[in-house]
Every structure is written in C-alpha cells, then in structure tokens.
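Step one of this worksheet: look at the structure below.
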Amino acid sequence: MANDNNHQNIRVKGNGNIIGNNNTVNNRREELHYHHGGSSKGGSGSDDAVGVGVGILFVVWAICWIFVRHAPEIYFYIKLGALVSAIPLLIGVVIFAFSRKAPDKRQIAATIFGFALSATTFFLAQYGQDRLDPQLLQFGQQARDALAFWKGLTEYDRNVVVENLIGVIGLGATVFFSFLMGIFVLWRFVYGTDIEDSFILRILNPFRPSRGGIFACLCILIAWAFESGFVF
C-alpha cells in the first residue's frame, strides 16, 4: 500500500486482510472433513449368512418332498437291495455244503452276521414304509412345490418325514456295506484264507466283517433310532 505523504510502500501480509476506509472485513473460515475408508460391509455379511441359511432350508424341504413323493419306490429298492446283499452269502453256503473243507468258525460267524444284517435291513425298511400315512403320501403327490408341502405338514408329520428320510439313508448305506461284505465272505469261501495278496481281496479288505460289517451295524442302529422316534 502506498502513502502519498511519505512516499513509502507498506506491505501487509496476511490472508484475507482488507485495509482502507469504510472497508468491511469478512473473516471466512472453512472446515473440510475428509473421511477415508470404504463403507461398512457388516450388513452384507449378515445378508449372505441369511441367504445361505434360507438356501439350505429350501434344499432340505425339497429333499423331504421328493422323498415322500417316491417313498414306495425307495423302500421297494431298499428291501430288494437287502435281499440281493444276502445272495453272495447264500452262494457261499452252497459252495461250503458241497465242499470237503473243514468248517471255518470265522466264516460261519460272518455268514450268520451277514444274514442278520440283510434281514434286519429288510424289516426296518418295511417298518419305515408302514409309518408313512397314505394321506401323507397323497399330499406329497398333490403339493405343487416343496414349500407348499412343508407348510402343509403338521409338526408330527414333519418329524416322521425327517426321521424316515434319515432312516432310509442309513438303510441304504447298510445295503451297500452288507453286499460288499457278502462278496468278501464269498471270496473267502472260494479261495480260502491263504491268498492275502490278491488284488480283489485288497479291494474288498475294508469291507470284511470286522470293518465294513461293524459300520453297517452302526448304520442300522442309526436307522432304527430315527425310525423308532427315539431321536425326536
């Protein structure tokens, strides 16, 4: 700023300073707030968990609905499988009857054990089929989808459906292990106990009565526990 009298230059340093007559000074202050970081994703994780839960429930409802719609066929094949699993044992008994070999107590015990598994599987399948009310089976045929089927069931019917479904899974596993155990016992009847390095025997070794037979017995116990209403 220049002074006319003294011819001196005066410099004023400052931000937003105004000097002079009748000048108005306006002090302006601006505050800028910066927030770094993305938006919160906590809600997205919760939504994903809820979506996965609903999807799992719908899958369970669909499986129950399909099971009830095809229950007669499923139980038919379970009973048929129980009978088929006893065929290798029966063949082994016939071979043993016409052979001159000395009786092996372990093979005899394994054969009796296999027949018991097959018979128990057959009767448990029949028991589970009898638990399903014909009206329940008819409703499963008439329901337009899995959700409508599940919502139309009473609490008791829901328990029966879930129990029988788990029971059928256990019985199906029993048929599988019983059949392969029967093949193992038949192989022993035919070739004796000396061929430990046989390729077929190595494949069937996990299904010998002391392994696969015990697992089949556990599957039967699980099926019985659910079908008898012991769990629910």
Expected unfolding gain across residue 126-residue 54 under the 0.36 nm per residue rule, minus the alpha-carbon gap, is 22.6 nm
Taking the alpha-carbon centre of each part, the distance from region 45-98 to region 151-190 in Å is 6 Å
Restricting to Cα pairs under 8 Å and 6 or more apart, the percent relative contact order of region 94-181 works out to 45 percent
Ordering 132-144, 63-75 by per-residue average of other C-beta atoms within 10 angstrom, highest first, gives 63-75, 132-144
Here the gain from full extension of residue 62 to residue 119, 0.36 nm per residue of separation minus their alpha-carbon distance, amounts to 17.4 nm
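Kindly sort 178, 228 by accessible area of their heavy atoms, largest first, with the probe set to 1.4 Å.
In descending accessible area the options line up as 228, 178.
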Taking region 101-172, the whole-percent share of alpha-carbon pairs separated by over 15 angstrom is 65 percent
Residue 151 neighbourhood, Cβ < 14 Å, K/R = +1, D/E = -1, net charge -1
Relative contact order as a percentage, region 141-232, C-alpha pairs under 8 Å and 6+ apart, gives 42 percent
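The values are calculated or read from the model by the stated rules, or taken from the named source; none is laboratory data. The model shown is predicted, which means the values in this text are computed figures rather than measured ones. Heads up, the Cβs are rebuilt from the backbone with ideal geometry, glycines too, and the neighbour counts pull from every protein chain shown. Side chains are part of the model used for accessible areas, which takes the heavy atoms of the whole protein and leaves out ligands, DNA and RNA. Shrake-Rupley method; radii C 1.70, N 1.55, O 1.52, S 1.80 Å.
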